[in-house]
There are 2 protein chains.
Amino acid sequence: MTKWDKRDDMLVHTDEPFNAEPPTPALAERLTTPLDAFYSRNHGPIPRVDPAAWRLEVDGLVERPARLSLEELRSRFPAHEVIATLQCAGNRRAELIEVRDIPGEDPWRSGAVSTASWTGARLSDVLSEAGLRPEAAHVAFGAPDMVREADPPQPYGGSIPVAKATADEVLLAWAMNGHPLPAVHGAPLRAIVPGWIGARSVKWLDRVTAQAEPSGGYFQAVAYRMLPPDADPSRCGPGSGIPLGPVALTCDILRPEHGSRVPPGPTEITGYAFAGDGRGVARVDVSPDAGRTWTQAKLDAPASPWAWQHWRTTLVLPEGEAEIVARAWDGAGATHPESPAALWNPRGYANTSWGRLRLTCRR
Amino acid sequence: MTKWDKRDDMLVHTDEPFNAEPPTPALAERLTTPLDAFYSRNHGPIPRVDPAAWRLEVDGLVERPARLSLEELRSRFPAHEVIATLQCAGNRRAELIEVRDIPGEDPWRSGAVSTASWTGARLSDVLSEAGLRPEAAHVAFGAPDMVREADPPQPYGGSIPVAKATADEVLLAWAMNGHPLPAVHGAPLRAIVPGWIGARSVKWLDRVTAQAEPSGGYFQAVAYRMLPPDADPSRCGPGSGIPLGPVALTCDILRPEHGSRVPPGPTEITGYAFAGDGRGVARVDVSPDAGRTWTQAKLDAPASPWAWQHWRTTLVLPEGEAEIVARAWDGAGATHPESPAALWNPRGYANTSWGRLRLTCRR
């Protein structure tokens, strides 16, 4: 085990803040990702929070502000379980960097996505008890992890619109795959915002604030925004670009691992597809020849509207170099862009292009 | 004026049923499309309905079935106006046919999309008065236009889920751009289902039926479905493929016309973007060089969540052949596929690839 009880073979982008992703075959085995393989994206040092002293403040545009201990949260609100996939907005940035360099951002490969069963109270129940005032249009999440790289330095945070905050699937979670939330994943409590970029599922949550405007903090007003390709991010102030929120339809290949060598002949290809904000995946097509011909993969039924769906197919690969691609179609018959070049953006977010796997087929 | 009071320069695919689209510059001038330019997609002969004898039947899984004259509909329910874009699922099929032939389907170019201001009663108000029973999950639309080409021959029809049918934007419309609905557009009454493929906005509407299942008719169970690329449509029975419903994000160029000749130098390029089911368009990028470099177009503010947004930019084009492409990004930072090849499907639906314009720049 490496740091934070993660597998030995995690690809660690940075130790401090701890940013690490598993090799993609570790994501192919089960619907829910084992805790030691779940990717970890952090902006500041991981706080060690004393659960006994910890309190959740519920404040802002509410009728009855509250201050809740973990015990109060667990005893006063029914526990719910949601299977949800979290995906980092920077997942697959490495493919964008191959198109054109993205200085100052980590080259995440395909492993910044994982799925867990989360247990916690519904945010909507906590907000109901506090009584949202009519002017409340957004719910902000606060946390203690101070991020020196932010401009100016500030604790991590973000917000979601009230319509999402009051939806049944949004949790204040204290458990993950049936285990108490580990420190690296936000103990004692984190937000889980299914279908939205991982950046909104704030860890070490200690404050929920109802407010009229979206978060004005660095992580939402400046970072995690889709800038136009000709923008210079160092000159983009708050409000530039499109704020990322719901995850767009995507599909990727998990096994075999990118760049590996397999014998010619039948090879099982496994991957996942994910339609983000509650839309289902209807079909996955796989091509053994970079998109010239396609076959349909066998697609698992959805375990939840908020979870990825694994798929698999067996391709008979001839000797030589193979470029296998995979694409998904959502329940309305829409699909996603084919190439990272078409999605390149200055901060390297939301690479939802076709899954693409290069293999060498040789005995 | 040609048949059905349309402009002389409509491209008429077939006279009977009448299928015609305007030249795209006619769509660039105004937010709402003049009646004589609005595209017309029909499956059978256009019925001439006597408005005095016409009645709307409201039946199926409702507590209080009703039979309403036009006068009753107009006097008993408040009139609402919605600016909505209709887009035929076959729009831009011609570009798919260039990739690979699609026998038996009309080669619609880029003009099978238009926008109007629609006036009518809310379907939700009519359903409320009839009292939807809890088992009602879909609302079907019936019409008298008999389609001999359907298998078996049957009147045109379709359905939408109750969640959409009870949404504020869905109308039973009797007027279009302030004029009584023309015969060719469905007089005396048609459904308007904003954000969904045009095929659900059933014309000459005479029946609204609440039911447990989606329409089992030819036009929804067999046609208007996204088949996998390797399927043989002649062997695809009811239920094959993905039923099309909400329109996916798209963007196209309207002016200058495709294939035209312009002098080298500054050329104004105008187009539209549309994000379908209520999601807004956040940005449009235009490239003068087939996608190598991009600039942002000036994008009109949305007139309604259900209407296209026009955009324009001026490109300085050198002498020679130019390939201009345009793409849109929605409010969540998602974009659409780049090429028709990536969207090819056996019936040629939903070509939502980048808008693409080839021009000859010569004095």
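The values are calculated or read from the model by the stated rules, or taken from the named source; none is laboratory data. Source: prediction; values computed, not measured. As a convention, Cβ positions derive from the backbone with ideal geometry for all residues, glycine included, and neighbour counts pool all protein chains shown. These area figures cover heavy atoms from the full protein model, side chains too; ligands, DNA and RNA do not enter into them. Shrake-Rupley method; radii C 1.70, N 1.55, O 1.52, S 1.80 Å.
A few points about this structure:
- Exam field: B:Arg55 pseudo-label spacings to other copies (7 Å along Cα-Cβ), nanometres: 6.9
- Relative contact order of the stretch B:102-246, pairs being alpha-carbon contacts under 8 Å that are 6 or more residues apart, as %: 26
- By accessible area with a 1.4 Å probe, ligands and nucleic acids excluded, highest first: order of A:Val208, A:Val99: A:Val99, A:Val208
- Taken residue by residue and averaged, Cβ atoms of other chains lying within 10 Å of the Cβ of B:238-247 number 3.
- Rounded to whole Å, sorted largest first: equivalent-ellipsoid semi-axes of the stretch B:125-178, Cα gyration tensor: 24, 18, 9
- Members of the stretch B:290-308 that become less accessible by 20 Å² or more once partner protein chains are added (1.4 angstrom probe, chain alone as reference): B:Trp294, B:Gln296
- Principal axis dimensions, largest first and in whole angstrom, of the protein assembly as shown by Cα: 77, 61, 51
- Of the residues in the stretch B:327-349, those shielded by at least 50 Å² of accessible area once partner protein chains are present, compared with the chain alone at a 1.4 Å probe, are B:Trp329, B:Ala332, B:Glu338, B:Ala342.
- Its relative contact order, with pairs defined as Cα atoms under 8 Å and 6+ residues apart, puts chain A at 18 percent.
- Of the whole protein surface, B:Asp15 contributes about 90 Å² of accessible area at a 1.4 Å probe radius.
- Distances from A:Asp230 to itself in the other copies, using label points 7 Å out along the Cα-Cβ axis, amount to 4.3 nm in increasing order.
- Exposure of B:Glu98 as accessible area (Å², to 10), given a probe of 1.4 Å and all protein chains: 140
- The fraction of Cα-Cα pairs per 10 angstrom bin, counted from 0 for the stretch A:3-243, comes to 7, 32, 37, 20, 4, 0 percent, rounded to whole percents.
- Most fluctuating residue given options B:Ala143, B:Ala183, B:Ala273, as computed from a GNM of chain B linking Cα atoms under 10 Å: B:Ala183
- Charge dipole (the protein assembly as shown, unit charges on Cβ, about Cα centre) - positive-most of A:Gly280, A:Pro256, A:Gln296: A:Pro256
- Highest-MSF residue in chain B out of B:Asp168, B:Asp232, B:Asp330 [GNM, Cα springs under 10 Å]: B:Asp232
- Ordered from highest to lowest accessible area with the whole protein assembly present and a 1.4 Å probe, B:Arg30, B:Arg200, B:Arg55, A:Arg363 read as A:Arg363, B:Arg30, B:Arg55, B:Arg200.
- Between chain A and chain B, roughly 2400 Å² of accessible surface gets buried, counting both sides and using a 1.4 Å probe.
- Accessible area (Å², 1.4 Å probe, nearest 10) - B:Glu149: 120
- For residues of A:226-236, the mean tally of beta carbons on other chains within 10 Å: 3
- With contacts taken as Cα pairs under 8 Å at a separation of at least 6 residues, the stretch A:250-361 carries a relative contact order of 35 percent.
- Rounded percent of accessible protein surface that carbon and sulfur make up, the stretch A:1-94, 1.4 Å probe: 49
- Qualifying lysines (Cα of each under 25 Å from Cα of A:Lys6; at least 8 residues distant if same chain): A:Lys203
- Centroid-to-centroid separation of the stretch B:191-215 and the stretch A:8-39 [C-alpha atoms, Å]: 47
- When the solvent-accessible area of the stretch A:280-361 is split by element, carbon and sulfur atoms take up 55 percent of it, the probe being 1.4 Å.
- Debye, to nearest 20: dipole size of chain A, +1 on Lys, Arg Cβ, -1 on Asp, Glu Cβ: 340
- Residue of chain A nearest the A-to-B rotation axis [by Cβ], rounded angstrom distance: A:Pro337, 3
- Anisotropy class of the stretch A:61-117 from Cα gyration tensor, a/c 1.5 cut: prolate
- Simple Cβ-charge dipole of the protein assembly as shown, Lys/Arg +1 and Asp/Glu -1, about Cα centre, in debye nearest 20: 120
- Per the Debye formula on identical point scatterers at the alpha carbon atoms of the stretch B:269-314, with no solvent, log10 I(q)/I(0) at q = 0.24, 0.29, 0.33 Å⁻¹ is -0.81, -1.02, -1.19.
- Rolling a 1.4 Å probe over the protein heavy atoms gives the protein assembly as shown an accessible area of 38 Å² per residue.
- Other residues within the sphere of radius under 10 Å centred on the Cβ of A:Phe141, judged by their own Cβ, net out at +3 (K and R +1, D and E -1).
- Note on the protein assembly as shown: dipole from Cβ charges, positive end direction compared against B:Pro318, B:Ala191, B:Pro65; the farthest Cα belongs to B:Pro318.
- In nanometres and ascending order, the distances from the A:Glu268 label point to those of the other copies are 6.1 (point 7 Å from Cα along Cα→Cβ).
- Simple rule: put +1 on each Lys or Arg Cβ and -1 on each Asp or Glu Cβ in the protein assembly as shown, find the dipole, and look at B:Pro51, B:Trp4, A:Ser159; the Cα lying farthest toward the positive end is B:Trp4.
- CD proxy at 222 nm, helix term only [per DSSP H run n ≥ 4: -39500 (n - 2.57); per residue of chain A; nearest 500]: -2000 deg cm²/dmol
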